[in-house]
Amino acid sequence: MKYRVTILQTPFQFDVRAGETVLQAALRQDIPVPWGCGGGVCGVCMGKIVSGAMHYPDGEPLALFEEDAAAGMGLFCVGYPTTDLVLAVPEMGTDWEPWEAQ
């Protein structure tokens, strides 16, 4: 089973395979999403789940506070989709340009 992820206000859409987090799938497909620790601790990869759902098999991540979860936010580094997703990632708005290593 795979799920389709769309990031609003960007040209990015990608598939997440079974057993893959949203972040793992994005990086595998060279989608330049913001991320830091990769373990749910720093919160850099947090964004709004506009539609769809994710689950966290290891429990709620440390950087996802109760008020964030209640506001529909999610951590993509440790989140596994359970449906197709539409995401809003503030750092990836219409004027956003990905950083590239020189």
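Any read-out appearing in this document is the output of simple, stated calculations on the displayed coordinates, not a laboratory observation. Fair warning: this is a prediction, and the values are worked out from it, not measured in the lab. Virtual Cβ from ideal backbone geometry, glycine too; neighbours counted across all protein chains shown.
Data table
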{"item": "Contact order normalised by residue count of the range 2-92, Cα under 8 Å, 6+ apart, percent", "result": "38"}
{"item": "Pairwise label distance in nanometres, ALA53 with GLN13, each label 7 Å out on the Cα-Cβ vector", "result": "2.3"}
{"item": "Amide H contacts of MET54 (H built 1.01 Å from N, under 5 Å, at least 5 apart or other chain)", "result": "THR82"}
{"item": "Gain upon complete extension [VAL41, PHE65; 0.36 nm per residue less C-alpha separation]", "result": "7.6 nm"}
{"item": "Over the chain: helical MRE at 222 nm, DSSP H runs n ≥ 4 each giving -39500 (n - 2.57), nearest 500", "result": "-2500 deg cm²/dmol"}
{"item": "Quotient of C-alpha Rg and 2.2 N^0.38 Å, computed over the range 2-92", "result": "0.94"}
